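In what follows, a structure is listed as C-alpha cells, so that the remarks can point back to it.
The values are calculated or read from the model by the stated rules, or taken from the named source; none is laboratory data. Nothing here was measured: the structure is a model prediction, and the numbers come from that model. Every residue, glycine as well, gets a Cβ built from its backbone with ideal geometry; the counts of neighbours run over all protein chains shown.
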C-alpha cells in the first residue's frame, strides 16, 4: 500500500510584517520576518540623503553664484550673412503665404520677423529690390565694410565676392 501525502498551502497574515506559508501543519516559509524594519530604515535614509542634496543644490542657486549667459559676439561678416539669411527665409515664408514678395521689408513685421535687422557696421537698412512676382534681391549698402566687393542675397542664394 502506498502512502498518501496531503499538501495544504495556506498563508497566515498575522500582522503587516510577516507572511508565513504552511504545508500541512509545518511552517516552511516565513517571509519578511523582521525585515520590514531594516527596509523602512534604508528607505528613510535614502529620503533624507535626497532631501539634503536638494537643499544643498538650492543653497548653491543664490545670486552670488549666478552667471548670466554670455552674449555671442559674431564677427561683422558672420553677422551680416546671418541677417541676410534670416531676411531671405522670412521673404520665402511671405511668398509661400501670399504668392508674391512684399513691396518693402517692413511688411515682414510682425508676422514673419519681430524686427527687421539693420546692417551691423553701417547701422543702415538693407537695400531691398523685388519685382513682387518671383524675384528679390537684398544688398548691403557698402560691402567693403565687411571685406567684400559684392555682398547680396538673391532668391535665397548668397553672393559674396
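Checking residue 150 against (1) in contact with a helix residue (DSSP H, G or I) (Cβ under 9 Å, 6 or more places away or on another chain); (2) touching a residue at least 12 places away in the same chain (Cβ under 8 Å), only one condition comes out false. Which one?
(2)
Scan the stretch 91-102 and give yes if some residue there is buried (at least 19 other Cβ atoms within 10 Å of the Cβ), in the same structural domain as residue 148 (by TED's automatic domain parsing) and over 16 Å from residue 155 (Cβ atoms), otherwise no.
There is no residue in the stretch 91-102 that is buried (at least 19 other Cβ atoms within 10 Å of the Cβ), in the same structural domain as residue 148 (by TED's automatic domain parsing) and over 16 Å from residue 155 (Cβ atoms).
Looking at (1) under 25 Å from residue 145 (Cα atoms); (2) out of contact with any helix residue (DSSP H, G or I) (no Cβ under 9 Å at 6 or more places or on another chain), find the lone condition where residue 97 falls short.
Evaluating residue 97 over (1) under 25 Å from residue 145 (Cα atoms); (2) out of contact with any helix residue (DSSP H, G or I) (no Cβ under 9 Å at 6 or more places or on another chain) leaves (1) as the failure.
For residues in the stretch 135-147 being assigned to a loop (DSSP other than H, G, I, E, B) and touching a residue at least 40 places away in the same chain (Cβ under 8 Å), which is surrounded by the most Cβ atoms within 10 Å (Cβ to Cβ)? Steps first, please.
Taking the stretch 135-147 and keeping what is assigned to a loop (DSSP other than H, G, I, E, B), we get 135, 140-142, 147.
Remaining after also requiring touching a residue at least 40 places away in the same chain (Cβ under 8 Å): 140, 147.
Values: 140: 25, 147: 11.
Looking at the filtered set, the residue picked out is 140.
Examine the stretch 78-89 for a residue that is in contact with a helix residue (DSSP H, G or I) (Cβ under 6 Å, 6 or more places away or on another chain) and surrounded by 10 or more Cβ atoms within 10 Å (Cβ to Cβ), and state whether such a residue exists. Reasoning before the result, please.
Taking the stretch 78-89 as the starting set, the residues that turn out to be in contact with a helix residue (DSSP H, G or I) (Cβ under 6 Å, 6 or more places away or on another chain) are 80.
Add one more test, that the residue is surrounded by 10 or more Cβ atoms within 10 Å (Cβ to Cβ), and what stays is 80.
The answer is yes, given that some residue of the stretch 78-89 is in contact with a helix residue (DSSP H, G or I) (Cβ under 6 Å, 6 or more places away or on another chain) and surrounded by 10 or more Cβ atoms within 10 Å (Cβ to Cβ).
With the requirement that a residue be closer than 30 Å to residue 139 by Cα, surrounded by 10 or more Cβ atoms within 10 Å (Cβ to Cβ) and out of contact with any helix residue (DSSP H, G or I) (no Cβ under 8 Å at 6 or more places or on another chain), what does the stretch 41-77 give you? Write out each step before concluding.
Of the stretch 41-77, the ones closer than 30 Å to residue 139 by Cα are 71-77.
From what's left, surrounded by 10 or more Cβ atoms within 10 Å (Cβ to Cβ): 74-77.
Matches in the stretch 41-77: 75 only.
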